[in-house]
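Laboratory data are not the source of any read-out in this text; all were calculated from the coordinates shown. Here the structure is a predicted model, which means the values were calculated and not measured. When we count neighbours, we look across all protein chains shown, and the Cβ atoms used for this are built from the backbone with ideal geometry, even at glycine.
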């Protein structure tokens, strides 16, 4: 466990991390503020979003973590360690339905999938996936995730800026940013869906749903940060499904609301150093969601997403729903491991495939 | 035409042409940007070449753009050749796990098998107390199987040539070998804003030819991951500001290639070969004789620098007498012979060392497990090198990884140095494969810590064990230390499972 050992980051490590911690105008305003702020004070640079599922508290918490987001020994270390598992889980989903997905792949292994990462934060997953996009689209995909493009969105201006700055430090990712295969957008899912609607289609009655554009929508460690007071997970998940092409996957990870997860995530993980591995206030146990809840919302969401102006989706859409769920456990000193069955009491990955 | 007249011929440049020249300037500023590589390895020894060969052999990492910088001539190393009866004095033992790594990357097939020698038994005994241990796999092998190999002896040049051939075989796409080149400087790159990426955390190497007469300008290359396989005084390690701890043993390793007499009893089974090591507390370290093909053997004798220079000054017959005496005589006899006058060059027929050996051996009971007498020394192979212990404080730093001697140097008494280096390389290659297949940056600390956590402890363990053995076996006399170590040796010899455990540990299973 990182925080159990003394911080022996070598000198050079500090030097090379420096570009990250260089005070940008945004951060200086952040660090100037006291750590504990009155609830009435609104966090500094937040865009006003129309109908967003984003809660202001969550936004200010994660914006405050921005400067240390990419520090491998920093507060986000445990997220960094989880990242390879996300790739493995996506690969296992794609392996299941590889023959049917993506209507016209020229070669079986070409990189054809367009990804949307919702709530990308500082870009841990988005950047790692963008790194696997081949520079030459005609070559075979280097990994089973077969990404052709990645759009990553987050409502926090700070985090998007940190993500962009960090992406520039990898020439491959930088090239994708320049070519537009990889995009960071400081926006919300709702705005993404709205912006894809062409102005005239909003006036007509037939096309209230937009042509979906993404093969895979990812939602890692996002669901447990949705504020049930301002937005409902059902609406949010329905919107995610609306962004998917038929046959596409919605893939996410979250935490179950159980007694063990309360002890692990609230008492132990957020305990003061040297026991805790997660900054205090990262999680709110009451917002955690259990797999059956996710599954229920997704069934309902699939039906709603299938609704068009002229026809209702109906229960048939949800019946054949392919649902995948597997637990993941963090063992200090060994890292994250997939443990089937542990989804009922701790962290878990889930996935659902939209009908073709 | 002299350049000056050109300016005269060009009094006016139209605006569109100015635009072109501006464009050209932008192009030239791009030339200032270093060439980008995924993995740059400094040092073309067995570790560095092993890493490159492993990366080229795996389908996951074979597309990575890799470079290697080596001061020696790699073409010469690839075309290295010796007579079948001649052997280089730089020889290493490969444990079975190193051999299986070389097989897995397809390099073993490129070894000249006529020049390598497996051995199935190792006799180790204490020159002070006579207690003995025999390392072989007989307790793990059924009588109907072939004897299992303890280790495989190979010349380093043979191994380097095999690895180079393997790398050449993989094609030259995405591969740059900077042969005869040194690293003139390593520094952090710069932010290529607004046209390019931010390379301020990337190490940028300036590589220039070793030949001072060469006029080619230094090549600048940037590394996503810079691997230091550049030996004990690693420049990569200094760039990364990684301190290293350790000490000098105050001992030298004397090496030589010897021809042996036929064994008095032919080995059974016929392919069976034995390595011999005798600890000599009074002379400062062990002497070892490791088998090479055609009844040759390589000598590694760890001793004090004074003894080492004495041995190197001896004429061949006296040197041979000393070697044969050291496997046979008492500590007292040996100490006396080490103090004898060096036969001067004008009396080459001086046979005082041989005479001394012949006379003293009549009065010494000989154990059964001694090597056949050495009969000849291959000319020019007697050499020595200082023995040191070093361990880097870390193996990794952002975009830096150290492997082999750059990370650790250990006492050679167990022949583990090269094996630890190859194990590092196997681990680092696995780590890079994992990173590539999971979208990780191969130079990121989060990637590299997998390598460091896999290798740091095993290397410290083996290095520490060799250090402990050295220290135990340099206490002269028959005091409590001598009693304890012979008790320990006899105990291990009688408990097969303890011996098996130690041997497996030594082999890196």
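Please work out whether chain B counts as rounded, prolate or oblate from its C-alpha gyration tensor, where a ≥ b ≥ c are the square roots of the eigenvalues and a/c under 1.5 means rounded, while otherwise a/b larger than b/c means prolate and anything else oblate?
It comes out prolate by the Cα gyration axes.
Enter the mean number of other protein chain beta carbons within 10 Å of the beta carbon of each residue in B:432-441, as an integer.
6
Which ordering of B:436, B:475 is given by a fewest-first count of other beta-carbon atoms within 10 Å?
B:475, B:436
Using the alpha-carbon atoms, what tilt in degrees (0 to 90, nearest 10) does helix B:15-32 show relative to the longest principal axis of chain B?
Helix B:15-32 sits roughly 10 degrees off the main axis of chain B.
Applying 1/(1 + (r/R0)^6) with R0 = 25 Å to the Cβ-Cβ distance of residue B:341 and residue B:375, what FRET efficiency is obtained, to the nearest 0.05?
0.55
Using helices alone, I'd like the mean residue ellipticity at 222 nm for chain B: each DSSP H run of four-plus residues gives -39500 (n - 2.57), total over residue count, nearest 500.
-11500 deg cm²/dmol
I'd like the mean, over residues of B:192-200, of how many other protein chain beta carbons sit within 10 Å of each residue's own Cβ.
5
Ordered by packing density, taken as the mean number of other Cβ atoms within 10 Å over each peptide's residues, highest first, how do B:47-57, A:179-189 rank?
Peptide ranking by packing, descending: B:47-57, A:179-189.
Sort B:89-101, B:205-217, B:186-198 for me by packing, meaning the mean count of neighbouring Cβ atoms within 10 Å per residue, highest on top.
Descending packing order for the listed peptides: B:89-101, B:186-198, B:205-217.
Over all residues in B:160-171, what is the mean tally of Cβ atoms on other chains that come within 10 Å of each residue's Cβ?
Other-chain Cβ atoms within 10 Å of each residue's Cβ, averaged: 0.
Computed FRET efficiency, Cβ-Cβ of residue B:294 and residue B:213, R0 60 Å: what is it to the nearest 0.05?
Working: r = 42 Å, r/R0 = 0.71.
Using R0 = 60 Å, I get an efficiency of 0.90.
Order B:395-407, B:108-120, A:236-248 from most to least packed using the mean count of other Cβ atoms within 10 Å.
B:395-407, A:236-248, B:108-120
Expressed as a whole number of Å, what is the distance separating the alpha-carbon centroids of region B:273-340 and region B:380-404?
26 Å
Angle between the Cα long axis of helix B:417-437 and the longest principal axis of chain B, 0 to 90 degrees, nearest 10?
In chain B, helix B:417-437 runs at an angle near 40 degrees to the longest axis.
Any idea what the relative contact order of region B:35-175 is, in percent, if you count C-alpha pairs under 8 Å spaced at least 6 apart?
The normalised contact order for region B:35-175 reaches 33 percent.
Return one number: the angle in degrees, 0 to 90 and rounded to the nearest 10, between the long axis of the Cα atoms of helix B:316-326 and the longest principal axis of the Cα atoms of chain B.
So the inclination is approximately 70 degrees.
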